[in-house]
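Scroll down for the structure; my scribbles are underneath it.
The values are calculated or read from the model by the stated rules, or taken from the named source; none is laboratory data. These numbers come from a predicted model, not from an experiment. We place every Cβ from the backbone using ideal geometry, glycine too, and count neighbours over all the protein chains shown. Each accessible area value is taken on the protein alone, full model and side chains, heavy atoms only, with ligands, DNA and RNA left out. Shrake-Rupley method; radii C 1.70, N 1.55, O 1.52, S 1.80 Å.
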Amino acid sequence: MKIGILGTGHVGKALAAAWAAAGHDIVFGSRRADDTELRGELAAAVNGEVAVMDPAGAVAAADVVVNATPGTASVPLLETVGAPALAGKVVLDVAVGFREDNTLSHPVESLGEEIQRTFPEARVVKTLCTVDAIVMVAPGSLEGPSTVFLSGDDADAKHTVSGLLHDLGWPPEALLDLGGIDTARGQEHYSMLFIALAGALSSYGFGMRVVLPGKS
């Protein structure tokens, strides 16, 4: 599968490296596509040559588009690509937006919902925004099992994303489908608790697990 990753930060690089190792073809989308230094950084991240295009080129070339851009910049960037280019594409959204005062940029409608509303023919699936970049690609690094969530309106798109999560090391029993894209609000709002937990634990390397009641 060809995966177009929009975003060249820690999250984008980590996902690219893991999926490349699993055999997928990676193309980065960046407004700095001609930056030689950036190209070198991205090649080092995936331990080999990697295609770097402008965002529109990366989207056009991809089977799945990953939004790993800052949440406050995601929709404006996608608008430069255009709704026709995103029509029918699976958009795996991992972003959360924060304002300068560290409050959520999407306190009511989630970023995932905004992307789906703005690009109604895209097939948006929200996932992975409840863990940091290291745990995203190495869930086995945790001491025990963890849960990762999916939100989206398109069942086939969720199936595709589930396969990509398996390729990152998330076993089937770790995946929990929350329902429609409106449930992305819960995933994004968890980021506030995540920050508090990170401060209490002095670490970002943790996950959460949904535990059901025991049988009586």
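Answer with one residue from Ala43, Gly205, Ala18: the one whose Cα lies farthest towards the positive end of the charge dipole of the chain, charges on Cβ with Lys, Arg +1 and Asp, Glu -1. Result: Gly205. If R0 equals 41 Å, the separation of the Cβ atoms of Ala138 and Ala83 corresponds to a calculated FRET efficiency of about 0.70. Shown for the chain: the carbon plus sulfur share of the solvent-accessible area, taken with all protein chains present and a 1.4 angstrom probe, equals 54%. A Cβ-based charge dipole, computed about the Cα centre of the chain with Lys and Arg at +1 and Asp and Glu at -1, lands at about 320 debye. Close amide H contacts of Val124 (hydrogens built in the peptide plane, cut-off under 5 Å, sequence separation of 5 or more or a different chain): Val91, Asp153. What the Cβ-Cβ distance of Ala22 and Asp101 gives, at R0 = 41 Å and to the nearest 0.05, is a FRET efficiency of 0.60. In segment 124-192, which GluC sites (Glu not before Pro) fall in coil by DSSP and have 13 or fewer other Cβ atoms within 10 Å? For GluC sites (Glu not before Pro) across segment 124-192 that sit outside H, G, I, E and B with at most 13 neighbouring Cβ atoms in 10 Å, the list reads Glu143.
Checking every one of the trypsin sites (Lys or Arg not before Pro) in segment 57-154 against DSSP loop status and a limit of 12 other Cβ atoms within 10 Å picks out Arg99. Taking springs between alpha-carbon atoms closer than 10 angstrom, which of Gly144, Gly12, Gly179 fluctuates most in the Gaussian network model of the chain? With Cα springs under 10 Å in the chain, the top fluctuation among Gly144, Gly12, Gly179 is at Gly144.
For Ser74, the shell of other residues with beta-carbons less than 9 Å away shows a net charge of -2, using +1 for Lys and Arg and -1 for Asp and Glu. DSSP beta bridges fully contained in the chain are about 15 percent antiparallel.
To the nearest 0.05, what FRET efficiency results for Arg31 and Ala200 with a Förster distance of 35 Å applied to their C-beta separation?
The value I calculate is 0.40.
Note that segment 96-216 presents 53 Å² accessible area per residue, ligands and nucleic acids not counted, probe 1.4 Å.
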